[in-house]
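Report on one structure; see the data block that follows.
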Amino acid sequence: MSSNETQKYFDLHTTGIGYLNRVQEVTPKEGNPFLSVTIAALRGSVDNVQYTHFECHVSGKKAQQVVRELKPAVEGKLKVLMGFTLSDLYGESFTFKNGDKAGETGVSFKARLLRVSWAKVDGQPFYTVQDDKV
């Protein structure tokens with residue numbers, strides 16, 4: 001590909017509402033440090049909510065800023081609910097090491113957190129974005 005051509009990608013975006021958990025700065029042995037979170041995304045009937053957990057590398061610059069601002073609330077065990085956009089979703093299999101499921105195979109969903117469109121801390125508005133474009 002010459003330097004004049006722009007590289008093209010197929011984007012897979014997922015939007016939803018979920019609880020922000022496990023905000024942490026990760027410093028790998030090789031590579032660059034990054035911000036990591038777990039999102040417990042809500043799905044199903046409002047009368048019988050179910051959760052799907054996503055392990056996310058926070059890649060959007062504004063998302064990084066908002067998540068860092070929300071980190072004290074998460075660490076303080078406050079409920080942080082947010083609207084989000086994920087990209088590049090994929091699953092990885094693993095084997096449970098402990099507990100009732102020890103030895104069973106599970107699936108971990110991984111993605112990049114591109115955007116936080118709004119956030120509430122214990123039901124109180126914390127952040128909203130007016131222009132929600134990718």
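The values are calculated or read from the model by the stated rules, or taken from the named source; none is laboratory data. Predicted model only: the values in this text are computed from it and were never measured. Methodologically, a virtual Cβ is constructed for each residue, glycine included, from the backbone with ideal geometry; neighbour enumeration extends over all protein chains shown.
Would you mind finding the one in 99, 60 that is of a type outside the set (A, V, I, L, M, F, W, C) and over 26 Å from residue 10 (Cα atoms)? Full working, then the answer.
Working: 60 fails: over 26 Å from residue 10 (Cα atoms).
None of the other options fit; the residue is 99.
For the stretch 108-122, does any single residue satisfy the condition of being more than 18 Å from the chain's Cα centre (by Cα) and in a strand (DSSP E or B)? Walk me through it before giving the result.
Keep residues of the stretch 108-122 that are more than 18 Å from the chain's Cα centre (by Cα), which gives 122.
Those still in the list that are in a strand (DSSP E or B) too: none.
No, the stretch 108-122 contains no residue that is more than 18 Å from the chain's Cα centre (by Cα) and in a strand (DSSP E or B).
Consider residue 66 carefully, then state whether it is in contact with a strand residue (DSSP E or B) (Cβ under 7 Å, 6 or more places away or on another chain) and buried (at least 18 other Cβ atoms within 10 Å of the Cβ).
Numbers: in contact with a strand residue (DSSP E or B) (Cβ under 7 Å, 6 or more places away or on another chain): yes; buried (at least 18 other Cβ atoms within 10 Å of the Cβ): yes.
For residue 66, the condition - in contact with a strand residue (DSSP E or B) (Cβ under 7 Å, 6 or more places away or on another chain) and buried (at least 18 other Cβ atoms within 10 Å of the Cβ) - is met.
Only residues that are of a type in the set (A, V, I, L, M), over 15 Å from residue 36 (Cβ atoms) and not in a strand (DSSP E or B): list them for the stretch 73-107, please.
Within the stretch 73-107, 73, 78, 102 qualify.
Would you please name the residue that is modelled with the highest pLDDT, looking only at residues in the stretch 7-38 that are over 13 Å from residue 54 (Cβ atoms), of a type in the set (Val, Ile, Thr) and part of a strand (DSSP E or B)?
23
Could you list, in sequence order, the residues of the stretch 13-43 that are touching a Phe, Trp or Tyr at 6+ places or on another chain (Cβ under 9 Å) and not β-branched (Val, Ile, Thr)? So that I can check it myself, show each step before the final result.
Our first condition is that a residue be touching a Phe, Trp or Tyr at 6+ places or on another chain (Cβ under 9 Å); within the stretch 13-43, this holds for 14-20, 25-28, 37-43.
Passing the criteria: 16, 18, 19, 20, 25, 28, 40, 41, 42, 43.
Got a sec? Which of 102, 119, 111 is small (Gly, Ala, Ser), surrounded by 12 or more Cβ atoms within 10 Å (Cβ to Cβ) and more than 13 Å from residue 23 (Cβ to Cβ)? Full working, then the answer.
Numbers: 102 fails: surrounded by 12 or more Cβ atoms within 10 Å (Cβ to Cβ); 119 fails: more than 13 Å from residue 23 (Cβ to Cβ).
Of the residues listed, the single one that is small (Gly, Ala, Ser), surrounded by 12 or more Cβ atoms within 10 Å (Cβ to Cβ) and more than 13 Å from residue 23 (Cβ to Cβ) is 111.
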